[in-house]
1. Looking only at the stretch 109-123, filter to residues that are polar (S, T, N, Q) and at negative phi; which one of those is least open to solvent (accessible area, probe 1.4 Å)?
2. Give the stretch 34-91 a look and list any residue that's of a type in the set (Lys, Arg), at pLDDT 55 or above, under 24 Å from the mean Cα position of the chain (by Cα) and open to solvent by 50 Å² or more (accessible area, probe 1.4 Å), or say none.
3. Among Gly137, Gly191, Gly126, which is surrounded by fewer than 16 Cβ atoms within 10 Å (Cβ to Cβ), within 23 Å of Cys263 (Cα to Cα) and free of Cβ contacts under 8 Å to residues at least 40 places away in the same chain?
4. Which residues, taken from the stretch 242-271, are among the small types (Gly, Ala, Ser) and part of a helix (DSSP H, G or I)?
5. Within the stretch 162-171, count every residue that is open to solvent by less than 20 Å² (accessible area, probe 1.4 Å) and either touching a Leu at 6+ places or on another chain (Cβ under 8 Å) or assigned to a loop (DSSP other than H, G, I, E, B) (or both).
6. (1) at pLDDT below 95; (2) surrounded by fewer than 23 Cβ atoms within 10 Å (Cβ to Cβ): which one isn't true of Ser132, the others all being true?
7. Within the stretch 142-156, track down each residue that is in contact with a helix residue (DSSP H, G or I) (Cβ under 9 Å, 6 or more places away or on another chain) and either among the aromatic types (Phe, Trp, Tyr) or surrounded by fewer than 23 Cβ atoms within 10 Å (Cβ to Cβ) (or both).
8. Would you be able to say whether some residue in the stretch 196-205 is in contact with a Phe, Trp or Tyr (Cβ under 6 Å, 6 or more places away or on another chain), modelled with pLDDT of 95 or more and small (Gly, Ala, Ser)?
Amino acid sequence: MHSSNKKLAHFLLVILALGFVLLASGYLNRSTDKEEKKQQIAKAGEEFVLAPNKTDGAPFPSPLHSAYSDPDTFLSREGVLLFTNEVREEFKLEPFLFNELLARAAEAKLQDMFSKQYFAHISPDGRRPADSVRETGYEFLIVGENLAMGNFGSDEKVVDSWMNSPGHRANILREGYLEIGIAVGQGVFDGHETWLAVQAFGTPLNVCPLPVSELADEVAAQDKYYSLLGEDFVFEEEDALRFSIYLMMIDEHVEQVKQYSQCLDSYGVER
């Protein structure tokens, strides 16, 4: 059985056990409770915005050109990662986890910029950073990107230059990013030998558990059932347990939506 189905089955068993207790406690006031629950569902619908692959509003600061001109420049993704995480630790932040899919996206971006001779977050054909990330199969809540061009001399100087730029610094120090991919490479740009460096930041989609879809579907089915009965429906005693289950399922669904929304907010996902 699928894990979400197991959760739903377990939840229903608990409800059945509690249902008879609720009957004796006067839990049900059909007209009032149902209207309140409908309002809760509507509010939850406003709060619950599934935002996978969100890109609008994510930080993409203006690409950074080097102030250095060191002919002996050599960059490595290992070095850029090392100095980036050292900065994070200086600010009491968790170091980034290196992610190979994000690294593939960064490498694709780097090669595309050399190939099409542009230096920007959006390519001449309209491709955005999220497009490269999405193509690798990385499912994300948020993504960001830092770009640098020039003969900086060393990995440390690249990171220092980013840290001296407010937008790039904000990306490196953003608590909402958990993972990073890095690409560096040397090539010809505008007729000159130079280096490019790309940082692709991301937070995976699964850090915020989605509300159980089967529960939401069952709530919708029960709501349709009671709506079809109409306002003149006479609420008999034998319907009490079913209705109590319906109300409790609404409570659980609303709580799951609330927790999901709070999780999105904690990672700075704009909705």
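1. Within the stretch 109-123, the subset polar (S, T, N, Q) is 111, 115, 117, 123.
Filter once more, keeping what is at negative phi: 111, 115, 123.
Details: Gln111: 95, Ser115: 92, Ser123: 8 Å².
This residue is Ser123.
2. Filtering the stretch 34-91 for residues of a type in the set (Lys, Arg) gives 34, 37-38, 43, 54, 77, 88.
The next check asks that each one be at pLDDT 55 or above; those that pass are 77, 88.
If we keep only those that are under 24 Å from the mean Cα position of the chain (by Cα) too, we end up with 88.
The answer is none; no residue qualifies.
3. On the way: Gly191 fails: within 23 Å of Cys263 (Cα to Cα); Gly126 fails: within 23 Å of Cys263 (Cα to Cα).
After applying the criteria, what remains is Gly137.
4. Start the filter on the stretch 242-271 by keeping residues that are among the small types (Gly, Ala, Ser), which leaves 244, 261, 266, 268.
Once the filter is applied, which keeps residues that are among the small types (Gly, Ala, Ser) and part of a helix (DSSP H, G or I), the stretch 242-271 yields Ser244, Ser261, Ser266.
5. The number of residues fulfilling the criteria is 2.
6. (2)
7. Applying the first criterion (in contact with a helix residue (DSSP H, G or I) (Cβ under 9 Å, 6 or more places away or on another chain)) to the stretch 142-156 yields 143-150, 152, 154-156.
Hits for the stretch 142-156 are Met149, Gly150, Phe152, Ser154, Glu156.
8. yes
The values are calculated or read from the model by the stated rules, or taken from the named source; none is laboratory data. It should be emphasised that the depicted structure is a prediction, and the values quoted were computed from it without experimental measurement. Don't worry about glycine lacking a Cβ; one is built from the backbone with ideal geometry, like all the others, and counts go over all protein chains shown. Areas reflect the complete protein model, heavy atoms only, side chains present, ligands, DNA and RNA absent. Shrake-Rupley method; radii C 1.70, N 1.55, O 1.52, S 1.80 Å.
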